[in-house]
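Engineer: Input: one structure, supplied below.
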Number of protein chains: 2
Amino acid sequence: MVISPGPGFRTLGRMASTPPRDPDGPDEEPRLVKSAQRTIQLMEMLGAARGPITVAELRERTGYPRSSLHQLLHTLIAMGWVEQTPDGSAVGVGSRALLCGTAYLDRDPALPYAIRTLELIGDATGYTTHYARLDGANVMYLATRETIEPRRATSRVGRELPAHATALGKILLAERSAGELAELLPEPPLPALTEHTITDLGELLADLELTRERGHSLEREQNTPGLGCVAVAVSYRIPATDAISCSLPIDAATDEELERVAGVIHEHAAKLAARLRAEGIR
Amino acid sequence: MVISPGPGFRTLGRMASTPPRDPDGPDEEPRLVKSAQRTIQLMEMLGAARGPITVAELRERTGYPRSSLHQLLHTLIAMGWVEQTPDGSAVGVGSRALLCGTAYLDRDPALPYAIRTLELIGDATGYTTHYARLDGANVMYLATRETIEPRRATSRVGRELPAHATALGKILLAERSAGELAELLPEPPLPALTEHTITDLGELLADLELTRERGHSLEREQNTPGLGCVAVAVSYRIPATDAISCSLPIDAATDEELERVAGVIHEHAAKLAARLRAEGIR
DNA sequence: CGAACCCATTTAGATATGTGGACGCAGTGC
DNA sequence: GCACTGCGTCCACATATCTAAATGGGTTCG
């Protein structure tokens, strides 16, 4: 029961009750559900961790009070979205989360076509091929067609890499206006994955301009030592959100070879886009 | 990192798989968080759907009041776990959920070894190979090594199929005692995926007995028309939770060929299990 | 052995959320 | 054009959750 205070004061606690929030964001969200937010944040934190992490560490990182955290974890464990290590000392993402997350792939009508295209490109070039989508400032791998030597480290479906450090990302960034880029990209300096990653914004913009003229994007060891990449956008949306790439061992990544591979990808990507448009997939 | 399959759970959570719908019993639920439960149930419902579904349909299936559902959806959309179709009329699983869910795969120390084993078996047999784990009454596919002709329909990582309808599931069920099976399996009749699926419990138990004697499990068109399967357990846990299978076109699935393939899987599965035990992966 | 510490759980009061109904809008059928 | 229907949003109260502090069990160290 709340005693309504004197004149002028009708707030219950809504104004003063934003302790752990961005004080800079002036845009008030239309009342998000705190428990739901925390639930999701917990899952994301568990997902971002290398392996199982202890409850104490979770508490530290989230700042949630002990009892609140325990209640949430109990709920998530009961539902199979969080699992405990056999000794019960640490927690990690559970199998139900995998089941649900991969449903994202099923939902995507473009993917079956994309996968077929990857097969064709893989056969034609002999290199590992990827299909990815721009997700904020990152690219997310949606499908992979490995060659004999699997490079699991970088290719797993569902993984994200910074867009500016990948050929896939750069061809997609090249479709955006300067304003969109400013909103999309993180504050410089851009994070570096290798010593070749472009970290300077001006340099990136110049590279994007070259990419636009060229029609495909290139990258040499900018995200993974020993690998080079060439990517082409799949234009079934404007701006394009999806792209296809081939990864080459750095020794094979000569200008001529990259050019040749780019041609192959271009051809298949154009056919794929035409097919998607024709199927009404937007 | 161990899925606790039914029994074997420890202190924290009780099994509470359903929404709060039985107030009659002596419910000693350790107070699950309602918003968190709903959040997860929403995600699971979205994940189980074929594609995007309308809010109205969600409301029908969940029974949540309109305003509550909208608040939750807003929260989930703001966090990227739910996405709206371009016209805003329907919702589906978002990309962040994929990112988080696939982290389950990264967390599993056995998987890198398993993937290498799949490559070897795939090369040796020429068939599509799967690595899967028992998850309740289902098997969950954790890794796949496709051959040229991808059978995406059944093989996607993260998907689950009823254990009794798959070779992978049957070899794992064969490791369980009658009591465990009774707890694990759904009420008969067992759900059928094809006309060949075993739906009778007695028949299944007889098949499991044969499987035990044989050392590997067999299946012909019990889950997918046109496909047969043979599977062997990976014994690095007791009872085994993981298994490896090969899928053969039904025409190729003669007794002799299945026997030959089983031998190959057996050999590699034994090596894999030995390696996992030696690495201290339990 | 005991003190100090860390942790999961419990509790009661302080907040945040859930709920049903009201409202305005848009599409539909007559 | 109008009533009807279904939807998303808003509101205020009833309810559920969150929080901080207290509790009790376990482990570590001197």
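The values are calculated or read from the model by the stated rules, or taken from the named source; none is laboratory data. Keep in mind it's a predicted model, so treat the numbers as computed, not measured. As a convention, Cβ positions derive from the backbone with ideal geometry for all residues, glycine included, and neighbour counts pool all protein chains shown. Ligands, DNA and RNA are excluded from the accessible area calculation, which covers all protein heavy atoms including side chains. Shrake-Rupley method; radii C 1.70, N 1.55, O 1.52, S 1.80 Å.
Engineer: Exactly one condition in (1) open to solvent by 20 Å² or more (accessible area, probe 1.4 Å); (2) free of Cβ contacts under 8 Å to residues at least 12 places away in the same chain is not met by residue B:136; state its number.
Structural biologist: Among (1) open to solvent by 20 Å² or more (accessible area, probe 1.4 Å); (2) free of Cβ contacts under 8 Å to residues at least 12 places away in the same chain, residue B:136 violates only (2).
Engineer: Let me spell it out: the conditions are (1) more than 18 Å from residue B:140 (Cα to Cα); (2) modelled with pLDDT of 95 or more; (3) open to solvent by 20 Å² or more (accessible area, probe 1.4 Å), and residue B:273 meets all of them except one. Which number is the exception?
Structural biologist: (3)
Engineer: Here is a follow-up. Is segment A:23-39 home to any residue that is touching a strand residue (DSSP E or B) at 6+ places or on another chain (Cβ under 9 Å), at pLDDT 85 or above and either within 12 Å of DNA strand D (Cβ to nearest atom) or within 28 Å of residue B:31 (Cα to Cα) (or both)?
Structural biologist: For segment A:23-39, residues touching a strand residue (DSSP E or B) at 6+ places or on another chain (Cβ under 9 Å), at pLDDT 85 or above and either within 12 Å of DNA strand D (Cβ to nearest atom) or within 28 Å of residue B:31 (Cα to Cα) (or both): absent.
Engineer: In segment A:35-56, what residues are surrounded by fewer than 16 Cβ atoms within 10 Å (Cβ to Cβ), part of a helix (DSSP H, G or I) and near DNA strand C (Cβ under 8 Å from one of its atoms)?
Structural biologist: Selection gives A:56 alone.
Engineer: What is the one condition in (1) surrounded by fewer than 16 Cβ atoms within 10 Å (Cβ to Cβ); (2) modelled with pLDDT under 95 that residue A:184 does not satisfy?
Structural biologist: (1)
Engineer: Here's a follow-up. Restricting attention to segment A:152-166, does a residue exist that is at the interface with chain B (Cβ under 8 Å from one of its Cβ atoms), touching a residue at least 60 places away in the same chain (Cβ under 8 Å) and assigned to a strand (DSSP E or B)?
Structural biologist: Scanning segment A:152-166 turns up no residue that is at the interface with chain B (Cβ under 8 Å from one of its Cβ atoms), touching a residue at least 60 places away in the same chain (Cβ under 8 Å) and assigned to a strand (DSSP E or B).
Engineer: Quick one: residue B:140 ticks every box in (1) more than 8 Å from every other protein chain (Cβ to nearest Cβ); (2) not in a helix (DSSP H, G or I) except a single one, so which number is it?
Structural biologist: (1)
Engineer: Considering every residue within segment A:70-90, establish whether at least one is within 9 Å of DNA strand C (Cβ to nearest atom), modelled with pLDDT of 85 or more and in contact with a Lys or Arg (Cβ under 8 Å, 6 or more places away or on another chain).
Structural biologist: yes
Engineer: Among the residues of segment A:222-246, which ones are hydrophobic (A, V, I, L, M, F, W, C) and in contact with a helix residue (DSSP H, G or I) (Cβ under 7 Å, 6 or more places away or on another chain)?
Structural biologist: Listed by number, the residues that qualify are A:229, A:230, A:231, A:232, A:233, A:234, A:240, A:243, A:244, A:246.
Engineer: While we're here: Only residues in segment A:53-67 that are within 14 Å of chain B (Cβ to nearest Cβ) and touching a residue at least 12 places away in the same chain (Cβ under 8 Å) count as the first member; pair them with residues that are near DNA strand D (Cβ under 9 Å from one of its atoms) and among the basic types (Lys, Arg), Cβ under 7 angstrom, at least 6 apart or cross-chain, and list the lot.
Structural biologist: A:64/A:38
Engineer: Looking at segment B:78-97, can you tell me whether even one residue there is β-branched (Val, Ile, Thr), in a helix (DSSP H, G or I), within 27 Å of the chain's Cα centre (by Cα) and under 22 Å from residue B:34 (Cβ atoms)?
Structural biologist: No, segment B:78-97 contains no residue that is β-branched (Val, Ile, Thr), in a helix (DSSP H, G or I), within 27 Å of the chain's Cα centre (by Cα) and under 22 Å from residue B:34 (Cβ atoms).
Engineer: Somewhere in segment B:234-241, is a residue in contact with a His (Cβ under 7 Å, 6 or more places away or on another chain), closer than 29 Å to residue B:280 by Cα and open to solvent by less than 20 Å² (accessible area, probe 1.4 Å)?
Structural biologist: no
Engineer: Same structure again: Only one residue in A:255, A:207 is farther than 22 Å from residue A:107 by Cβ and open to solvent by 50 Å² or more (accessible area, probe 1.4 Å), so which one is that?
Structural biologist: Of A:255, A:207, the one residue that is farther than 22 Å from residue A:107 by Cβ and open to solvent by 50 Å² or more (accessible area, probe 1.4 Å) is A:255.
Engineer: Among the residues of segment B:57-98, which ones are polar (S, T, N, Q) and either more than 9 Å from DNA strand D (Cβ to nearest atom) or surrounded by 15 or more Cβ atoms within 10 Å (Cβ to Cβ) (or both)?
Structural biologist: Scanning segment B:57-98 gives B:62, B:68, B:71, B:75, B:84, B:85, B:95.
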